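K.L.:
Here it is, the structure, as structure tokens.
Bear in mind that the values in this text are calculations on the coordinates, not laboratory data. Not measured: the values here are computed from a predicted model. Note: ideal-geometry Cβ built from the backbone for every residue, glycine included; neighbour counts use all protein chains shown.
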Amino acid sequence: MAARLAPRSSRAWLTAVSRGRGPPLLPRPPWAGLLPAARSLGAAAMSSGPLWRSEGFVGGGWVKAPAVFPVRNPATGAELAQVADCGVAEARAAVRAAYEAGAAWSAVPAKERGVLLRKWHNLMIENKDDLAKLITAENGKPLREAQGEILYSAAFLEWFAEEARRIYGDIIPSSAKDRKSLVLKQPVGVAAIITPWNFPSAMITRKVGAALAAGCTVVVKPAEDTPLSALALAELANQAGIPAGVYNVIPCSRQQAPAVGELLCTDPLVAKISFTGSTATGKILLRQAADTVKRVSMELGGHAPFIVFDSADVDKAVSGALASKYRNSGQTCVCSNRFLVQKGIHDAFVEKFAQAIKKELRVGNGFEEGTTQGPLINEKAVEKVERHIDDAVSQGASVVTGGKRHSYGKNFFEPTLLSNVTTSMLCTQEETFGPLAPVIKFNTEEEALAIANSANVGLAGYFFSRDPAQIWRVAERLEVGMVGVNEGLLSAVECPFGGVKQSGLGREGSKYGIDEYLEIKYVCFGGLQ
Ligand code: ADP
């Protein structure tokens, strides 16, 4: 039913945009003519005219591209927008605009940069409901989760607004009498920022907040599935008075992404690449950035272990597991991907986890009250979950609950729990990025750590235990960048986010995040006698 909406809404909107009639407000509700249920969901999605943008944002102005690409609601398949498909030419123009704005922006006193970031934050809060609806429309996550993402996203602008004033240098005691040795911290320059679809807003502000606070200017290439949130942020940046050229956005289709990515990674005017996405794409960008030796930050895939020791409080472990696994339908890089449960507590944990999944989780459209599980982002994602389950079951795993596509619609999948899982199964070897919890039974702490640390990635890791000595041992020995002890959710703006091994390079958020956008310059001040 939703597919019928696409031609009418997109054409009406496109016509308005191509005739240059100001902001692309929808001239006619795109849900007109739909069945009542779909209409109410559509109406909920599309109430935010001024934030509803479809063109690129370069040098402080909205720019068209030679082509457009469709953005769809993953819950219904309905086309939400036709967005400018920026290519190499638009990317180059954006880099130039960012470069030209750089000198003036870095000279703005840190306090004033902070004031502008704070204004941007305040505008996000004022528009939080519309921004959240935009996320649910293009990403599919439940509206309540989208609202949480907007607060989290805005909090990065607030945090870095404050951090801008705390970029301290050093004076080093000199070994020579006639010298003073100084350390200055300076912005790296233009930062190219490539972001994923699973947090369409927060993955942008976590990088951009730090970059702008440091005095860098940015070119953002958002994910093709979710460019609308990035463009809405541009509208608010503009309203906040962020100067032209400081925040640029070049949306593009998946087909254009490699060429645009290559331009960003090789253009000598770009000083820094910051990427969040898959390890495979991160490696491509790293190779491309090598020729011009750019600074890089990489926040890549995870494969988080969630260990439940015999000493754990089983009910708390189940709540932690539910939150850590099924948030965003399992589509976050810190979602638990492997459950390792000790022999003595195993059966109780599996039974209570299954009960909680059935009782607490509800699959549906993200705009429906009570939905906890929206759609997966696309069919490819659904196929991967299916492939992991088929492989595990063919090797002897048991489906405790779920296990198949959900009758609600094409991109929906049942929250699934598997037991009797072994380390030879695909789901324990790579990230599923979907609502699948595979449980492996183990005997000893050593064995659990060996399994957990066998991955070539290491982003987040979680464990539940009430034994203080074990807590220290395991927290220290887990090969990950972030550890949740008796906690299933650990992200916070003031804490460092990032991984070890092939999960990436660098840290985001916290007092450390700003360092990714700063150079250290040593000044040897001589001839002082
Ligand atoms: P996913 O497969 O989940 O979309 P990706 O890592 O491929 O994860 O995508 C994350 C981001 O990287 C998106 O913005 C996407 O467009 C971008 N991307 C994908 N491939 C490339 C590439 N070759 N060069 C630059 N960006 C890319």
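K.L.:
Distance from the Cα centre of segment 300-335 to that of segment 463-520, in angstrom?
P.N.:
Using only Cα atoms to place each centre, the spacing works out to 15 Å.
K.L.:
Let me ask you something else. Starting from segment 337-419, pick out the GluC sites (Glu not before Pro) whose DSSP state is loop and whose Cβ has at most 10 other Cβ atoms within 10 Å.
P.N.:
369
K.L.:
Could I ask something else about it? At 0.36 nm per residue, and after removing the present C-alpha to C-alpha distance, how many nm does the segment from residue 519 to residue 112 gain when stretched out fully?
P.N.:
Here the segment from residue 519 to residue 112 would lengthen by 144.5 nm.
K.L.:
For residue 472 and residue 494, what is the calculated FRET efficiency with R₀ set at 22 Å and r taken between the beta-carbons, to the nearest 0.05?
P.N.:
0.45
K.L.:
With Cβ to Cβ distances under 12 Å as the rule, what net charge do the other residues near residue 269 carry (K, R +1; D, E -1)?
P.N.:
+2
K.L.:
Tally the DSSP beta bridges in the chain and give the antiparallel ones as a percent, rounded to 5.
P.N.:
45 percent
K.L.:
Now a separate question. Over all pairs of distinct alpha carbons, what does the Kirkwood formula give as the hydrodynamic radius of segment 70-179, in Å?
P.N.:
17.7 Å
K.L.:
Return the lysines within reach of residue 133: Cα separation strictly under 29 angstrom, same-chain partners fewer than 8 residues apart disregarded; answer none if there are no such residues.
P.N.:
In chain and number order, the partners are 64, 119, 141, 207, 221, 325, 358, 359, 380, 384, 404, 410.
K.L.:
Sort 166, 477, 92 by Cβ crowding within 10 Å, fewest neighbours at the top. Each step should come with its number before you reach the end.
P.N.:
Working: 166 11, 477 14, 92 17.
The order, fewest Cβ neighbours first, is 166, 477, 92.
K.L.:
Give me the extension gain from residue 383 to residue 103: residue separation times 0.36 nm, minus the current Cα-Cα distance, reported in nm with one decimal. Let's see the in-between values first.
P.N.:
On the way: separation 280, 0.36 × 280 = 100.80 nm, distance 4.77 nm.
Going from the current span to full extension adds 96.0 nm.
K.L.:
Net charge near residue 390: determine it from the other residues with C-beta under 15 Å of the C-beta of residue 390, scoring Lys and Arg +1 and Asp and Glu -1.
P.N.:
-1
K.L.:
So how compact is segment 89-135: Cα radius of gyration and Dmax in angstrom?
P.N.:
Spelled out, the Cα radius of gyration and Dmax of segment 89-135 are 14.8, 37 Å.
K.L.:
In deg cm²/dmol, rounded to 500, what helix-only [θ] at 222 nm does the chain give when every DSSP H run of at least 4 residues adds -39500 (n - 2.57) and the total is split over its residues?
P.N.:
On the way: 15 runs with 208 residues, N = 529.
Theoretical 222 nm ellipticity from helices: -12500 deg cm²/dmol.
K.L.:
May I pose another question? List the aspartates and glutamates whose Cα lies under 14 Å from the Cα of residue 128, skipping any in the same chain that are fewer than 8 positions away.
P.N.:
145, 149, 235
K.L.:
Take the Cα radius of gyration of the chain and divide it by 2.2 N^0.38 Å, with N its residue count; two decimals is plenty.
P.N.:
On the way: Rg = 23.9 Å, N = 529, 2.2 N^0.38 = 23.8 Å.
Computed over Cα atoms of the chain, the ratio equals 1.00.
K.L.:
Determine, for 267, 347, 310, 85, the number of other Cβ atoms within 10 Å of each Cβ, and report the residues in order from fewest to most.
P.N.:
Ranking 267, 347, 310, 85 by Cβ neighbours within 10 Å, fewest first, gives 347, 310, 267, 85.
K.L.:
What would the Debye equation give as log₁₀ I(q)/I(0) for segment 350-411 at q = 0.25, 0.29 Å⁻¹, counting only Cα atoms as equal point scatterers?
P.N.:
Each listed q maps to, in turn, -1.17, -1.22.
K.L.:
For all pairs of alpha-carbon atoms in segment 45-94, what percent lies in each bin of width 10 Å, listed from the first bin to the last filled one?
P.N.:
24, 46, 26, 4
K.L.:
So which chymotrypsin sites (Phe, Trp or Tyr not before Pro) in segment 153-219 are both in a DSSP loop and have at most 11 other Cβ atoms within 10 Å of their Cβ?
P.N.:
Taking segment 153-219 and a limit of 11 other Cβ atoms within 10 Å, the loop chymotrypsin sites (Phe, Trp or Tyr not before Pro) found are 168.
K.L.:
Further question on the same structure: Measure of size requested: the Rg and Dmax of segment 371-460, with Cα atoms as the atom set and Å as the unit; please supply both.
P.N.:
Answer for segment 371-460, Rg first and Dmax second: 13.8, 43 Å.
K.L.:
Which of 177, 221, 185 has the fewest other C-beta atoms within 10 Å, and how do the rest follow up to the most?
P.N.:
Details: 177 7, 221 26, 185 17.
Ranked by crowding around the Cβ, least crowded first: 177, 185, 221.
K.L.:
Going by the alpha-carbon gyration tensor, a ≥ b ≥ c the square roots of its eigenvalues, is segment 381-529 rounded (a/c under 1.5) or, if a/c is not under 1.5, prolate (a/b greater than b/c) versus oblate?
P.N.:
Details: a/c = 2.80, a/b = 1.89, b/c = 1.48.
Prolate, since a/c reaches 1.5 and a/b exceeds b/c.
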